[in-house]
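*Asks:* Once you've had a glance at the structure underneath, I'll fire off some questions.
The values are calculated or read from the model by the stated rules, or taken from the named source; none is laboratory data. Keep in mind that what you see is a predicted model, and the values were worked out from it rather than measured. Positions of Cβ are backbone-derived with ideal geometry, glycine not excepted, and every protein chain shown enters the neighbour counts. With ligands, DNA and RNA removed, areas are computed over all heavy atoms of the protein, side chains included. Shrake-Rupley method; radii C 1.70, N 1.55, O 1.52, S 1.80 Å.
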Amino acid sequence: MHDFSGKVAVVTGGASGIGLAIVERLLKAGAKVAVADLNEAKLRELEEKSNGQVIGVVTNVTKQADVAALVQQTVDRFGGLDVAFNVAGASRAGAIIDQSEDDWDFTVDLCLKGVFLSVKHEARYMKDHGGGAIVNVASLNAHVPMHYGSAYSSAKAGVEMLTKNAALELAKYKIRVNAILPGLVSTPLTAGLTSVDAIYDAYMERIPMGRPADPDEMAGPALFLISEDASYVNGASLLVDGAWAVSGYPDLSKFM
Ligand SMILES: NC(=O)c1ccc[n+]([C@@H]2O[C@H](COP(=O)([O-])OP(=O)(O)OC[C@H]3O[C@@H](n4cnc5c(N)ncnc54)[C@H](O)[C@@H]3O)[C@@H](O)[C@H]2O)c1
């Protein structure tokens with residue numbers, strides 16, 4: 001467990017799933033956390049439970065004014081911004097030949113433009129205040145396509161490259177930027193799929209560890225990347241997928 005006492009963090013998408021797990025770990029490690037999300041009820045609940053360690057900022061990460069205000073409110077309330085986790089994301093699925101322009105725009109705006117705007121405004125502050133560390137949440141889908149997921153996979157591949165560009169441009173300001181690429185994680189985002197037995201079994205055929213991840217298993221690697229232990233890790237993509245990405249070959253051990 002790292003000690004982040006005295007650190008100030010922003011977590012977008014922090015009201016649920018992976019983002020919420022990151023918020024909970026940050027609070028245990030002593031950080032002050034600005035949680036940015038659309039889910040106002042959950043933000044207020046987090047604030048009430050937190051003894052002043054949390055502010056909830058209703059934020060649509062696809063709106064530049066919201067993201068700029070998020071950074072400003074964080075600094076106004078906690079006196080700075082040291083680390084940020086850009087987690088907010090969702091998908092509207094559709095076959096390429098059928099997908100509407102609206103659904104493509106929704107998914108790419110949220111998953112890619114939302115991360116761009118977040119990095120932009122977080123880094124603007126960090127640049128003038130001694131640096132910082134940023135973690136973007138991409139996906140295994142940055143490397144592996146999925147049926148009906150062209151918008152999502154393309155956006156996530158974009159997040160991985162945006163992370164590399166940001167690391168390149170921001171290193172001189174002492175800002176590190178890395179990405180985690182989760183495989184299958186048990187969150188509200190995936191519950192609709194994994195609650196269907198046949199779909200769950202199809203996933204498990206692909207995942208050598210034979211189970212989805214718990215959200216907290218994403219929070220640990222994410223916090224490592226902002227920690228001093230990762231002080232020379234910059235522009236990296238950390239796959240956290242239970243060996244899914246290396247499972248493309250048939251399991252010949254069954255025949256030996
Ligand atoms: N769950 C998985 O298996 C998995 C796998 C790979 C990548 N991811 C990525 O991890 C991230 C978190 O996913 P999750 O599974 O925890 O999902 P989740 O649905 O549990 O949480 C996503 C959060 O983002 C918030 N959000 C949505 N749109 C927003 C917006 N415009 N502005 C601000 N907040 C917004 C939601 O209100 C929600 O609280 C996403 O980027 C997702 O693509 C998830």
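*Asks:* Take the residues in the stretch 124-164 that are more than 16 Å from the ligand (Cβ to nearest atom) and surrounded by fewer than 21 Cβ atoms within 10 Å (Cβ to Cβ); name whichever of them is nearest to D76 (Cα to Cα).
*Replies:* Checked the stretch 124-164; the qualifying residue nearest to D76 (Cα to Cα) is Y125.
*Asks:* Mind listing just one residue for me: the one in the stretch 165-196 that is within 15 Å of the ligand (Cβ to nearest atom), hydrophobic (A, V, I, L, M, F, W, C) and within 16 Å of the chain's Cα centre (by Cα) and, of those, most open to solvent (accessible area, probe 1.4 Å)?
*Replies:* L189
*Asks:* Could I ask something else about it? Within the stretch 81-106, restricting attention to residues that are over 30 Å from A31 (Cβ atoms) and of a type in the set (D, E, K, R), which residue is surrounded by the most Cβ atoms within 10 Å (Cβ to Cβ)?
*Replies:* Selected residue: R92.
*Asks:* List, please: which pairs have Cβ atoms under 9 Å, are six or more places apart or on different chains, and start with a residue in the stretch 156-177 that is on the phi < 0 side of the Ramachandran plot and among the hydroxyl-bearing types (S, T, Y) and end with one that is surrounded by fewer than 23 Cβ atoms within 10 Å (Cβ to Cβ) and assigned to a helix (DSSP H, G or I)?
*Replies:* Y173/A123; Y173/K127
*Asks:* Consider G13 against the criteria (1) near the ligand (Cβ under 7 Å from one of its atoms); (2) without any contact (Cβ under 8 Å) to a residue 60 or more places away in the chain; (3) among the small types (G, A, S); (4) open to solvent by 10 Å² or more (accessible area, probe 1.4 Å): it satisfies all of them except one. Which criterion is unmet?
*Replies:* So the condition that G13 fails would be (2).
*Asks:* Is there a residue being free of Cβ contacts under 8 Å to residues at least 40 places away in the same chain, polar (S, T, N, Q) and more than 9 Å from the ligand (Cβ to nearest atom) anywhere in the stretch 35-50?
*Replies:* Yes, the conditions are met somewhere in the stretch 35-50.
*Asks:* Still on this structure, I have one more. How about the stretch 227-256: which of its residues are touching a helix residue (DSSP H, G or I) at 6+ places or on another chain (Cβ under 9 Å) and in a helix (DSSP H, G or I)?
*Replies:* A230, W244, A245
*Asks:* Among the residues of the stretch 118-171, which ones are closer than 16 Å to V233 by Cα and acidic (D, E)?
*Replies:* E160, E169
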